[in-house]
Amino acid sequence: MNDYLTKPTPLPEMDAALCRAWKHRSSSQPPVQNSSRREPPGLSVEELLASVEEAVTAQNSSERLIQPSAKLTQLYLEEAPRRLAEMRAGYADRDLTKIAHAAHVLKGNSRYAGADDVAKIATEVLRAAEAQRTDAIESLVSAAESAFDKLKPELLSRVNQGDTA
Amino acid sequence: MKLLIADDDKVSRTALREALALPADCDVYEVDDGQAALDILCDGLKPELCIFDVKMPRVDGVELLQRIRRDPHLKHLKIVMTSAARDRDTIITLAKLQISGYLLKPYDAAKVKPLIQPILANGETPRPASRNP
């Protein structure tokens, strides 16, 4: 604790306490140097757009974005059922935002884990949600669940191999 | 060396750490949202680099960035933003807030390391070739 005020606090006392706190702060911390505390030079709009464009091209041509570890695969095995359940719940509530968010996360996560079939179906779910095609969503969610169940033994085996490696 | 990662998706955070393949002496702090990132920074963490997702609960990445740039004790931080968003409006908003880089999701290990390593090694922001030189 740096100070104490009794309530109700008259304004002059509050002012004095704030001044004390400010003085204490100034003396206990090194003065802010303008040169080192300046905002770092950021990238321009053009530079950022160029880097995004480059990344999109690389992403589209890469089959495997990263080499998933056993830990990452295990995490995917835990998280994917949660995202599938969120899509199901979103469909039950006719909540397209919830469906789109879950599909978006599942799509990215599946690409990391090398679950390409699940990623493709999650992309379709995302497109259907964005286009407000609610009628298409239930069968797509079922297809994503089946694709995940089919891939699960392979993923589990990858985790076990990684654990013993 | 300290690195702060804020992203509500645990799989993405782990994928990013694996793509970065950081040395053992690098301390990585992970938080779930922008408010937790602000809390840990206000508690005194001084990371060499912050990597923030744009879409997060409570305080999102753009608001987090705006609040950091307004704070005299935090505004000097080097920040790389990440998102699956590719639209011009998002990029323009982020460019106005002095970011050191933008990582497109899902992460591609071949792109992540060349972008982050120069910033961590000597504070340099790698600059891609402009589309209109």
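Here, each number is a calculation from the coordinates, and none is a lab measurement. Here the structure is a predicted model, which means the values were calculated and not measured. A quick note on method: Cβ atoms are made from the backbone with ideal geometry, for glycine too, and the neighbour counts reach across all protein chains shown.
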Unsatisfied cross-links (Cα-Cα over 29 Å) in the set A:152/B:78; A:107/B:75; A:7/B:46; B:75/B:113: A:152/B:78; A:107/B:75; A:7/B:46
Difference of contour (0.36 nm per residue) and Cα-Cα distance, residue A:4 to residue A:117: 34.4 nm
At q = 0.12, 0.16 Å⁻¹, base-10 log of I(q)/I(0) for the range B:47-123 (Debye sum, equal scatterers on each alpha carbon): -0.32, -0.58
Under the Karplus curve 6.51 cos²θ - 1.76 cosθ + 1.60, θ = phi - 60°, whole-Hz ³J(HN,Hα) for the range A:147-161, x wherever Gly or Pro sits: 4, 5, 4, 5, 7, 3, x, 5, 5, 4, 5, 4, 5, 5, 5
Nearby aspartates and glutamates by direct alpha-carbon distance to residue B:105 (threshold 15 angstrom, same-chain neighbours under 8 apart not counted): A:53, A:54, A:63, B:7, B:8, B:9, B:18, B:53, B:87
Kyte-Doolittle at least 0.0, axis length at least 30 Å by Cα - qualifying DSSP helices, chain B: none
Alpha carbon Rg of the protein assembly as shown, scaled by the compact-globule rule 2.2 N^0.38 Å: 1.16
Tensor-based shape of the range A:51-162 (alpha-carbon gyration tensor, a/c under 1.5 rounded, otherwise prolate or oblate): oblate
Convex hull of chain B built on C-alpha atoms - directionally averaged projected area, nm²: 8.1
Under 15 Å, Cβ to Cβ, from residue B:104 - net charge with Lys/Arg +1 and Asp/Glu -1: 0
